[in-house]
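Participant: Before I ask anything, let me first share the structure, which is written out below as C-alpha cells.
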Amino acid sequence: MPDPMKIRANLVGDSTEVKVLMSHEMDTGLAKDSSGKVIPAWFIQKVTVLHNDQQVLYAQWGTAVSKNPFMSFKFKGGAKGDKVTITWVDNHNETRTDSAVVG
Amino acid sequence: MDRHRRQALKSGGGLSLVALLAAAGWIDPAAAAPAEAWNKAAFQTHDMDSTLKALGDGTPVPSANVVFFSTPDIAENGAVVPVGITSKVPNTESIAILVEKNPNMLAALFEIPTGTEPAITTRVKMRETSNVYALVKAGGNYYVTSKEIKVTLGGCGG
Amino acid sequence: MPRKLRSIPGAAAALALAVITVTLPIVSVPAAAQESVEKAIEQYRQDLQGGNPAELWEARGEEIWNTPRGPKHASFKSCDLGLGPGIVKGAYAQLPRYFPDAGRVLDLESRLVWCMVNQQGLTHAEATKVTFGKGSRKRSDLEALTAYVVAQSDGTKMNVSLADPHVRDMYEIGEKMFFYRAGTHDFACATCHGSDGKRIRLQDLPNLTKKADAQRAYTSWPAYRVSQGEVRTFQWRLHDCLRQQRFPDLIYGSDASIALTTYLAARANGAAYAGPGMKR
C-alpha cells in the first residue's frame, strides 16, 4: 500500500490553493541498480483532483516528473470545510486517494 | 487497501462519489477515478513536431502570454528542477512541460477545467542543460514559450 | 556539519577530492561570474522551498512513534528525549545531552536506538538494520523518526547545555576531532571547514569555526537531500564527511559520532533550529 499523500488546501483570496506531495519512486526505467540490472520504469501516470465532487485538475505525467512529486495550483471558489480529494494511478496500476479539508 | 479505506472513511462529510464508492469497496479507484486516458504516444516522443502530433496536431505560436515563474536559470541538481508556468491566454485548456534534451520530451500535461487558474508548479528531472518549453492549448490553438535551464556539474549524487 | 561538503558525490568523490587537493586554496572562476552563478543557485533553492518532501518522512515517523512495537510491545511514548517520556516538542534543540539511564551522552539517533533496545526489546542489530534508507524498498525507520522529531523543534533556539561535565567532555573531544588531521589524504574536518571561501566546484563550504556559518549549517540538518530523494540525518552527514576524508567508517551512534555532533550542535547554540531542511 503506497504511503499517504501530504495535501494542503487553503483559501487565498477568492481561490483555493492546493499543494500536494506524493510518495513515489518515479523510476525512469533508464537507471541501473548496483548489480547493473535496469530498474524498470515505475511512475505515476494520472493525477485527478476533485473539489467536493467536481474535477478541478487532471494531470498526465511521464517519467520526468521528479521523485516524491510536488504539485501546486489554484482553483476559483472553494470554502472552508470543503473537501479536496486527490487520486494518483501509476503504471503498475497502484493507486492512492487522500483528502484534505480546505482551511 | 485498509489504510486507504480508513483514510477515506475518516474524512467523513463531503466525500466525493468516487472516494465514497472506493471506501465501500465497490469500485477500484484505479479504474474509476481518472476516466481520462494516459496519452502513451505523447510520452514517447523526442521532438516538438512529434509531440504536437501526438497531442492532437497544431502549430504553436510563440506567446508572451505564456510565462515561467519560480523557475530557476540554473538547477543545482537536475533530479529536481522546479517549474512554474502560468498562461494569460483566454480559455486555456491545458499546460504542458517539455524538456528538449530529455530522453522523452514531454514531462507532464495538465488539463485545466474552467474555474481552475491556468497556473501550475511542479518539479521535473533534466538530464542535462536544455531548453524547457511551456506549451499551452487554448481555444484549439497552441502557444509556446521557452527558457534555457542550466544543470550544473554539482549535481552528481553524493 | 558541513552545509555543503554534502555535495561531494559518491562515484565522483575521488575526482572531487583530487580537485580539492589541488585547487582548494585558489578559486579560479572570475569573481563576477561566480557571483551570478551563486545568485542563480540561491534562486533555485528558493524556488524549491514550496514543499519539502521531508514532510512525507515526518508523517511516517509520527505513525512509527505512536505504534507499539518490538517484543515488549512499547511505543516511543515512553521514550524520554530529555524533556520527559514521550515529549517531542523542542527536544531536538537540546540534544545531545547526558542520559543517566544510559550512562552516556546521546544524540537524537542514538537515543532512538536506545529506546528501541531498552524499551521495545529490539536487539541493537535489529534497531540499526537500516540506518540510511534507499527508496521505498529499503526504508529507514530511524530517518522517519528523526524527521518527525526534529520538525517539532522547528523555530526553537538551539540550547545544548555544556554545564554537565559529561557533555563538556564530549564537546572537547569533538573539537579535537574536528581539527585532527589523519588518513591517506591527511585531512581534517577543518581542512574544508576551517576557513572562509572554500568551495568544491560550485558548492561553497561553510566555515564551521565561525559562529554564523556553524549555526546556519547545523540548524538546516537533517534535510531532504534532493540528489538522493531521501531524508538524511546528522549521523549520515558525519558518516559521509568522514568517508570523503578517507577515514574509517564512522559507526552509527558511536561516541566518536556523538562527540563531533556535540561540538557542532553546541556551536549552533542561540540560533533557531530550522529543519528538516532541503538541500541539493
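Just so you know, all these numbers are worked out from the coordinates, no wet-lab data involved. Note that the structure is predicted; figures quoted are calculated from it, not measured. Cβ sites come from the backbone with ideal geometry, for glycine too, and all protein chains shown count toward neighbours.
Participant: Would you work out if the protein assembly as shown is rounded, prolate or oblate? Take a ≥ b ≥ c from the square roots of the eigenvalues of the alpha-carbon gyration tensor; rounded if a/c is under 1.5, else prolate when a/b is larger than b/c, oblate otherwise.
Facilitator: oblate
Participant: Same structure again: From the P(r) of the range A:1-95, can you give the percent of Cα pairs sitting at distances over 20 Å?
Facilitator: That fraction is 42 percent.
Participant: Using amide H atoms built 1.01 Å from N in the peptide plane, name the residues 5+ places from residue C:199, or on other chains, whose amide H lies under 5 Å from its own.
Facilitator: Counting only residues 5 or more places away or on other chains, the set is C:205.
Participant: Here's another thing I want to ask about it. Identify, among B:141, B:66, B:131, the residue whose Cα sits farthest towards the positive end of the charge dipole of the range B:41-151, taking +1 on the Cβ of Lys and Arg and -1 on the Cβ of Asp and Glu, with the dipole about the Cα centre.
Facilitator: The listed residue farthest towards the positive side: B:131.
Participant: Dipole magnitude of the range C:153-219 about its Cα centre, charges +1 at Lys/Arg Cβ and -1 at Asp/Glu Cβ only, in debye to the nearest 20?
Facilitator: Here the size comes out at about 240 debye.
Participant: For chain C, build the charge dipole from Cβ charges (+1 Lys, Arg; -1 Asp, Glu) around the Cα centre, then report which of C:82, C:272, C:222 sits farthest towards its positive end.
Facilitator: Sorting the options by dipole projection puts first C:222.
Participant: Which of C:52, C:36, C:127 sits farthest toward the positive end of the charge dipole of the range C:27-131, with +1 on the Cβ of Lys and Arg and -1 on the Cβ of Asp and Glu?
Facilitator: C:127
Participant: May I have the pair-distance distribution P(r) for the range C:125-260, computed from all Cα-Cα distances with 5 Å bins from 0 and rounded to whole percent?
Facilitator: For the range C:125-260, the binned pair fractions read 2, 8, 15, 22, 21, 18, 10, 3, 0 percent.
Participant: Now for a separate question. List the trypsin sites (Lys or Arg not before Pro) within the range C:52-118 that fall in a DSSP loop (any state other than H, G, I, E or B) and whose Cβ has at most 15 other Cβ atoms within 10 Å.
Facilitator: C:72, C:89
Participant: Under 1.5 on a/c is rounded, so check that first for the range B:41-151, then, if it is not, pick prolate when a/b is larger than b/c and oblate when it is not; a ≥ b ≥ c are the square roots of the alpha carbon gyration tensor eigenvalues.
Facilitator: Oblate, since a/c reaches 1.5 and b/c is not below a/b.
Participant: Counting trypsin sites (Lys or Arg not before Pro) as exposed when in a DSSP loop with at most 11 other beta carbons within 10 Å, what is the longest stretch of chain A free of them?
Facilitator: The segment A:38-79 is the longest one with no such site.
Participant: Which far-off residues, 5 or more places away or on another chain, put their amide H under 5 Å from the one on residue B:107, with H placed in the peptide plane?
Facilitator: B:97, B:98, B:99
Participant: Long-range amide H contacts for residue C:80: which residues qualify at under 5 Å (H placed 1.01 Å from N, peptide plane, sequence gap of 5 or more or a different chain)?
Facilitator: It is C:86, by chain and number.
Participant: For a quick check of your reading of the filter: which trypsin sites (Lys or Arg not before Pro) in the range B:68-127 sit in a DSSP loop and have no more than 12 other Cβ atoms within 10 Å?
Facilitator: Sparse-neighbourhood loop trypsin sites (Lys or Arg not before Pro): none present.
Participant: Determine the distance separating the Cα centre of the range B:38-77 from the Cα centre of the range A:1-70; give it in Å without decimals.
Facilitator: Cα centroid of the range B:38-77 versus Cα centroid of the range A:1-70: 19 Å apart.
Participant: Comparing C:154, C:80, C:47, which has the greatest mean-square fluctuation in the GNM of chain C with Cα pairs linked when under 10 Å apart?
Facilitator: Between C:154, C:80, C:47, it is C:47 that shows the largest mean-square fluctuation.
Participant: Which ³J(HN,Hα) values, rounded to whole Hz and listed in residue order, are derived for the range C:84-91 from phi using the Karplus coefficients 6.51, -1.76 and 1.60 in 6.51 cos²θ - 1.76 cosθ + 1.60 with θ = phi - 60°, glycine and proline given as x?
Facilitator: For the range C:84-91, the Karplus-derived couplings read x, x, x, 7, 9, 4, x, 5 Hz, x marking Gly and Pro.
Participant: Another question, then. List, in order, the whole-Hz ³J(HN,Hα) value for each residue of the range C:149-165 obtained from phi through the Karplus relation with A = 6.51, B = -1.76, C = 1.60 and θ = phi - 60°; use x for Gly and Pro.
Facilitator: Along the range C:149-165, the couplings run 5, 5, 4, 7, 10, 4, x, 7, 5, 4, 8, 8, 7, 9, 5, 6, x Hz.
Participant: Could you list the GluC sites (Glu not before Pro) in the range B:80-158 that lie in coil according to DSSP, counting only those with at most 12 other Cβ atoms within 10 Å of their Cβ?
Facilitator: Hits after loop and neighbour filter: B:128.
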